[in-house]
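J.: Here's a structure for you.
The values are calculated or read from the model by the stated rules, or taken from the named source; none is laboratory data. This structure is a prediction, so every number in the text was calculated from the model and none was measured. Ideal geometry is used to build each Cβ from the backbone, glycine not excepted, and the neighbour counts take in all protein chains shown.
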């Protein structure tokens, strides 16, 4: 008995190419996304590029409504990312303000609050509630948070007088002593 | 008092009442027209715009269905902007400018968003095609040898090996 087999039609080459391009492209996108996620925040030791923070009226720095990081060379900079909708941010708001009150007269440290994806109305209510007086402004188009690759709020970055990142705090500070412990080495 | 004087007084009072009613009517109209400029938008009107925006905290969650506090604040902002008389496009543009493109589902810079990936895919396709052509060339060269001759070559090698083995035994 003879078996007759019908020859299978091969998939055209161009279709194979399209399928492969699609698979490779998809894998590349997934790999890119994963590598970005695993990259985490900017790391201590890295020199921080210049950026501009537009400040809320009433929360200016030395009468300036816009501040560049490069303008603050020679001073230690504490950058705090926060939002009014963020409950953990409330845990450290009073401590941050207390630390600012302590360091402000010395003029060696600058605190910058970067308000992440927030509405100005709610941000003002929050700042008033916690009596915040240090410079604060919105992260317009999320450009600053994207540069720092923040994973959430609150996050605080400590930059030394030369503009090099020295410490990253993920999550809220519990005690003002913890904030001091990060600022003091920057002043030496 | 004369009858004519009394009639005049009544007529004047009538005009005064008519004038008062007219004034009230005009005032009411004016009041209505002022309040009509900024009516309180309904939730549906707010959500119609919120649907086109995305939560800043949760990835890929439209603003109209997101339960987070951040999204509630954003929806409230949309409501305030609608009261101010801002159009849908103005509101979306504001959110994209203030919170970044990811807040809006529609990228501002369409060249960057669409053209660059297409160019990248085309370049990748070009590389793949050229690589496939390179891999196929040796096969094409092999195919030039007729199958019969190829068989002969294998046969000759086989016979040669048998002869060599037989010689060893001798």
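J.: Looking only at residues in the stretch A:35-63 that are outside any loop (DSSP other than H, G, I, E, B) and at pLDDT below 95, which one is nearest to the other protein chains (Cβ to nearest Cβ)?
T.: A:37
J.: Run residue B:108 past the list (1) within 27 Å of residue B:52 (Cβ to Cβ); (2) within 14 Å of chain A (Cβ to nearest Cβ); (3) modelled with pLDDT of 70 or more; (4) touching a helix residue (DSSP H, G or I) at 6+ places or on another chain (Cβ under 9 Å) and report the number of the one that doesn't hold.
T.: Residue B:108 satisfies all of (1) within 27 Å of residue B:52 (Cβ to Cβ); (2) within 14 Å of chain A (Cβ to nearest Cβ); (3) modelled with pLDDT of 70 or more; (4) touching a helix residue (DSSP H, G or I) at 6+ places or on another chain (Cβ under 9 Å) except (3).
J.: Go through the stretch B:47-69 residue by residue and tally those that are away from chain A (no Cβ under 14 Å) and not in a strand (DSSP E or B).
T.: The qualifying residues number 7.
J.: Ok, one more. Which ones in the stretch A:115-141 are within 13 Å of chain B (Cβ to nearest Cβ), within 26 Å of residue A:74 (Cα to Cα) and outside any loop (DSSP other than H, G, I, E, B)?
T.: A:115, A:137, A:138, A:140
J.: Considering only the stretch A:37-65, how many residues are under 17 Å from the mean Cα position of the chain (by Cα), surrounded by 10 or more Cβ atoms within 10 Å (Cβ to Cβ) and in contact (Cβ under 8 Å) with a residue 12 or more places away in the chain?
T.: Result for the stretch A:37-65: 16.
J.: Within the bounds of the stretch B:150-165, is there any residue that is in a helix (DSSP H, G or I), closer than 17 Å to residue A:25 by Cβ and modelled with pLDDT of 75 or more?
T.: No, every residue in the stretch B:150-165 fails to be in a helix (DSSP H, G or I), closer than 17 Å to residue A:25 by Cβ and modelled with pLDDT of 75 or more.
J.: Which of the following residues is at pLDDT below 95 and either in contact with a helix residue (DSSP H, G or I) (Cβ under 9 Å, 6 or more places away or on another chain) or not assigned by TED's automatic domain parsing to the domain that holds residue A:97 (or both): A:152, A:171?
T.: Residue meeting the stated conditions: A:152.
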